[in-house]
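Values in this text are rule-based calculations from the coordinates and carry no lab data. Please read all numbers here as calculations on a predicted model, not as lab measurements. Cβ placement follows ideal geometry from the backbone for every residue including glycine, while neighbour counts extend to all protein chains displayed.
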Amino acid sequence: MNGLHVGLDADALRLVNAAEALVPALAEHAEDVDRGGHVPVEVFKQVVGAGLLRVCVPKRFGGEQQKLQTLLAISEALGRGCGSTAWVAQNISATAVLVGMFCEQAQRDVWETNPDIGVCASQSPPSAVARVDGGYRISGQWGYLSGVEQAGWALLTMPIGGDPAAPEIAFALAPVTAGTVVQTWNVVGMRGTASNTLVLEDYVVPDHRILSVTKAMTGTYATEYPNETLYRTPLAPSLVLGLLGTPIGVAQGALEHVLKFAHKRGIAYSTFPSQSASTGFQIQVAEAALKIDTARLFAAQLARELDDAATRGVLLEYVDHTRIRAAVGFACQQLREAVQILVNAHGTATFAEVNPLQRMWRDVNTGTRHGMLTPMLGYELYGKSLSGNKETVATLV
């Protein structure tokens, strides 16, 4: 059984099954998504129609209010069909957890009339922030906004005062229509995410749509509903772990693709009747499968740990934050290595433009290099913490 499914209740499994049912349709359109550089409306409508943007929306607004483990399982399933579509859905759902930490008025602004509207998020700093009566006036460019084409709102990072060397950081909620989306996403992998840039000029964010990240990282949230345990999930670790589901799914899709054709494809300049008859091939796919399993087991273990902390309302120790950051980076490294092994096993046919394996290879190599997934930084953070070194070398840990 898939380790990410262990312990999920009937409602969670219903959503995971709905995601798995979409895999053939997403796979059918994945090439068009990649070449076109965005997820077509008719494709994303299937994700919305399956209720998969409501996974982490509060039940008060018609959402599912599910656990982090459920989100990862759904993201993995969608990733088997199309990495870009899965990444967009994953990021919108993960951002809903953060919106659930805001006060009720802010949540109503976003979800009261449409629980499927979606929120995208960026950690780029603004160019200008000024305190005004009742809020903050902000200007700037917020990039890498995965889901900006599909979401109605954007969650933007900004400083709100304090020590200039270490200012208090906040999230600000703004409607996407308040700014202009500029096409800046020109990459080789995850091309269909259209993770472009939102430009805002002199937009005033009211105070109720501001959430102190600095306070939230110590367990102080604005929500008036402390019994909604999902929105007590440790903030920084959940942001990092939430990115892992899609690349696991893409890597699993790559394994399935290679195995599907192994009995049909031969090995050039050999006497093997098929790849599957070769002991060398068998060893390669076994190693790749175990690396994917390693990443999945890490994801499942860490998700259950964070879900449990949220349920009990406890704060994790700093060393646990750094351990989770390092473990996710390690898992990403396993996924890249797994897909590279599969490319070697499948052979040069991988690089034909019509072969979906080359897209999966590009998607995994791009997605797992998100700034929060960098293994070396995670290892350094964890190593410093284990060694008793209090030096801070990263934000949002």
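List, in order, the whole-Hz ³J(HN,Hα) value for each residue of segment 205-220 obtained from phi through the Karplus relation with A = 6.51, B = -1.76, C = 1.60 and θ = phi - 60°; use x for Gly and Pro.
Here the 3J(HN,Hα) series is 9, x, 4, 6, 9, 10, 10, 6, 5, 4, 6, 4, 5, 9, x, 9 Hz.
Can you tell me the relative contact order of segment 176-272? Whole percent, Cα pairs under 8 Å, sequence separation 6 or more.
Computed over segment 176-272, the figure is 15 percent.
Given that compact globular proteins tend to follow 2.2 N^0.38 Å, what is the ratio of the alpha-carbon Rg of segment 42-83 to that value?
Working it through for segment 42-83, the quotient is 1.19.
Rounded to the nearest 500 deg cm²/dmol, what is the calculated helix-only ellipticity per residue at 222 nm for the chain, with -39500 (n - 2.57) per DSSP H run of length n ≥ 4? Write out the running numbers ahead of the final one.
Values: 13 runs with 189 residues, N = 397.
Per the formula, -15500 deg cm²/dmol.
Please list the radius of gyration and Dmax for the chain, considering alpha-carbon atoms only, with Å as the unit.
Rg, Dmax (Cα atoms, Å): 21.1, 78.
If you wrap a convex hull around the alpha carbons of segment 1-143, what volume per residue comes out, as a whole number of Å³?
Normalising the Cα hull of segment 1-143 by residue number yields 129 Å³.
Put +1 on the Cβ of each Lys and Arg and -1 on the Cβ of each Asp and Glu in the chain; which of L290, A166, L386 then has its Cα farthest toward the positive end of the dipole?
L290
Cα centroids of segment 57-117 and segment 225-301: how far apart, whole angstrom?
24 Å
Are there any trypsin sites (Lys or Arg not before Pro) in segment 355-397 that are in a DSSP loop and have at most 10 other Cβ atoms within 10 Å? List them by number. List each step's numbers first, then the result.
On the way: sites: R359, R362, R369, K384, K390; in loops: R369, K390.
When the trypsin sites (Lys or Arg not before Pro) of segment 355-397 are filtered for loop state and at most 10 Cβ neighbours within 10 Å, K390 remain.
Which of the peptides 26-32, 105-111 is most tightly packed, and how do the rest follow, going by the mean number of other Cβ atoms within 10 Å of each residue?
105-111, 26-32
Put +1 on the Cβ of each Lys and Arg and -1 on the Cβ of each Asp and Glu in the chain; which of S212, L72, V339 then has its Cα farthest toward the positive end of the dipole?
So the residue we want is V339.
So how many Å³ per residue does the convex hull of the Cα atoms of segment 235-386 work out to?
Working: hull volume 16.7 nm³, N = 152.
Dividing the Cα hull volume of segment 235-386 by its residue count gives 110 Å³.
Taking the Cα atoms of segment 97-207, what is the range of coordinates along each of the three principal axes, in descending order and whole Å?
40, 35, 22
Quick one: net charge around A349, please, counting Lys, Arg +1 and Asp, Glu -1 for every other residue with C-beta under 13 Å from its C-beta.
Value of the local net charge: +2.
Which ³J(HN,Hα) values, rounded to whole Hz and listed in residue order, are derived for segment 267-274 from phi using the Karplus coefficients 6.51, -1.76 and 1.60 in 6.51 cos²θ - 1.76 cosθ + 1.60 with θ = phi - 60°, glycine and proline given as x?
10, 4, 6, 9, 9, 5, x, 7
Give the relative contact order (percent, whole number) for the chain; include only Cα pairs under 8 Å separated by 6+ residues.
17 percent
Show me, for segment 155-167, the HN-Hα J-couplings you get by feeding each phi into the Karplus relation (A = 6.51, B = -1.76, C = 1.60, θ = phi - 60°), rounded to Hz, glycine and proline as x.
Taking θ as phi minus 60°, the curve returns 9, 10, 7, 7, x, 10, x, x, 5, x, 6, 8, x Hz for segment 155-167.
Helix hunt in the chain: which complete DSSP H runs extend at least 18 Å axially by C-alpha with mean Kyte-Doolittle at least -0.5?
Values: long enough: 23-36 (19 Å, -0.44); 68-81 (21 Å, 0.68); 83-99 (24 Å, 0.99); 245-261 (25 Å, 0.55); 279-312 (49 Å, 0.07); 318-346 (42 Å, 0.15).
Span-like helices here: 23-36, 68-81, 83-99, 245-261, 279-312, 318-346.
Please report the orientation-averaged projected area of segment 301-397, defined via the convex hull of its C-alpha atoms, in nm².
7.8 nm²
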